[in-house]
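Undergrad: Would you mind keeping the following structure in view while I ask a few things?
Just so it is clear, none of the values below were taken in a lab; they were calculated from the coordinates. The structure displayed is predicted, hence computed values, not measured ones. Cβ atoms come from the backbone with ideal geometry, glycine included; neighbour counts cover every protein chain shown.
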Amino acid sequence: MEEEKKKTEEKEKSSVSLDQGFELLDAAGLGQDITVRDDQYDKDWISDAAEMCRKKGYRFRLIDTGRFEKTELMWLIGSGLELYTDDRARKEFNEIEELTLECLKKNTFLAYLHTGEFDKEEGSEPAIFSELHRVARCGAHIYLSNGEVKREASHIQELSVSCKDGNTRLVYYHHGPLDPVFIEAGNNGVWIHISEKSVEEEQRLLLKDLCHSCRSGGGGVIVHLEGEVEYEMVEDLIDAGAYVLFLYGLFDYRSPFRKLKERAEHKDFDFRAYYLQHDFFI
């Protein structure tokens, strides 16, 4: 009795898996950007859908949670998908390097989000910070935040040099007051996300200078407006070259902010300048 029940459950599970797989292919066939986790579908479905997206000129993003072995991911990269991974899914930097190089061969890319500390060297083990430099120089796009872990501004500046050398992006989500050292990182093309809450009035000029330096270096400043702010500040930021995201409600039709919002929305930025979602502040 138990064996028959188990077989029935497996059959139903297989049927659901098939239905989900065909739904994924249907979505890819419609022509649209698609984002999935590696634990949502079997790798054959993922590969077929990614190939369909690429042929139609759309992006297929795979979020790596650690389900697949490195060899399976290497095979999947052949379909042209973009791989988004982090230090929880991939703890070995040698794997990150190999996957990055495979992505470059297939004319796609690997985005690596590092959420942990920058450990110091212990014995013969290289420091995580040194390894980040290495994978950046080999072509991985690096994403960092100081939302939960403290980051030194000097470390951001140093990493920006390696990313520039590797022709990759360093994207940094910054919480708190700005540091003048970021100007140097901006000259190297860093992308910095900040909230208007992080900008003290006395730092407005520094923020404008940072916008100019990032822009001249090939990067940019993305300002997430989470509440009401002064009209002049937003206007100055847009004039300085910042990418401004209005994350709160609709304006009254008479509000002068409507025109500012329209100006901001006309400025598009590189999809590699954010991790998965452009308006998500890590």
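Undergrad: Do we have any residue at all in segment 144-158 that's part of a helix (DSSP H, G or I) and over 27 Å from GLU82 (Cα atoms)?
TA: yes
Listed here are the residues, each with its yes/no results for (1) in contact (Cβ under 8 Å) with a residue 40 or more places away in the chain; (2) surrounded by fewer than 21 Cβ atoms within 10 Å (Cβ to Cβ); (3) of a type in the set (A, V, I, L, M, F, W, C).
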{"site": "ALA136", "(1), (2), (3)": "no, no, yes"}
{"site": "ASN167", "(1), (2), (3)": "no, yes, no"}
{"site": "HIS175", "(1), (2), (3)": "no, yes, no"}
{"site": "ASP179", "(1), (2), (3)": "no, yes, no"}
{"site": "GLY186", "(1), (2), (3)": "no, no, no"}
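Undergrad: Next up: Against the condition within 30 Å of GLU262 (Cα to Cα), touching a residue at least 24 places away in the same chain (Cβ under 8 Å), of a type in the set (A, V, I, L, M, F, W, C) and part of a helix (DSSP H, G or I), how does ILE192 come out, does it pass?
TA: Judged against the criteria, ILE192 is not a match.
Undergrad: Let me ask you something else. Considering each of LEU205, LEU210, LEU260 in turn, give the residue that is surrounded by fewer than 13 Cβ atoms within 10 Å (Cβ to Cβ), assigned to a helix (DSSP H, G or I) and hydrophobic (A, V, I, L, M, F, W, C). Break it down into steps so the answer makes sense when it comes.
TA: Details: LEU210 fails: surrounded by fewer than 13 Cβ atoms within 10 Å (Cβ to Cβ); LEU260 fails: surrounded by fewer than 13 Cβ atoms within 10 Å (Cβ to Cβ).
Of LEU205, LEU210, LEU260, the one residue that is surrounded by fewer than 13 Cβ atoms within 10 Å (Cβ to Cβ), assigned to a helix (DSSP H, G or I) and hydrophobic (A, V, I, L, M, F, W, C) is LEU205.
Undergrad: I've got another one for you. One residue is enough: does segment 223-232 have a residue meeting the conditions among the β-branched types (Val, Ile, Thr), in a helix (DSSP H, G or I) and touching a Phe, Trp or Tyr at 6+ places or on another chain (Cβ under 8 Å)? Before the answer, list the steps.
TA: Of segment 223-232, the ones among the β-branched types (Val, Ile, Thr) are 223, 229.
Adding the requirement that they be in a helix (DSSP H, G or I) leaves none.
No, segment 223-232 has no match at all.
Undergrad: Follow-up. Kindly indicate which of TYR84, TYR112 is surrounded by 18 or more Cβ atoms within 10 Å (Cβ to Cβ), touching a residue at least 60 places away in the same chain (Cβ under 8 Å) and either part of a loop (DSSP other than H, G, I, E, B) or of a type in the set (Phe, Trp, Tyr) (or both).
TA: Working: TYR112 fails: touching a residue at least 60 places away in the same chain (Cβ under 8 Å).
From the options TYR84, TYR112, the qualifying one is TYR84.
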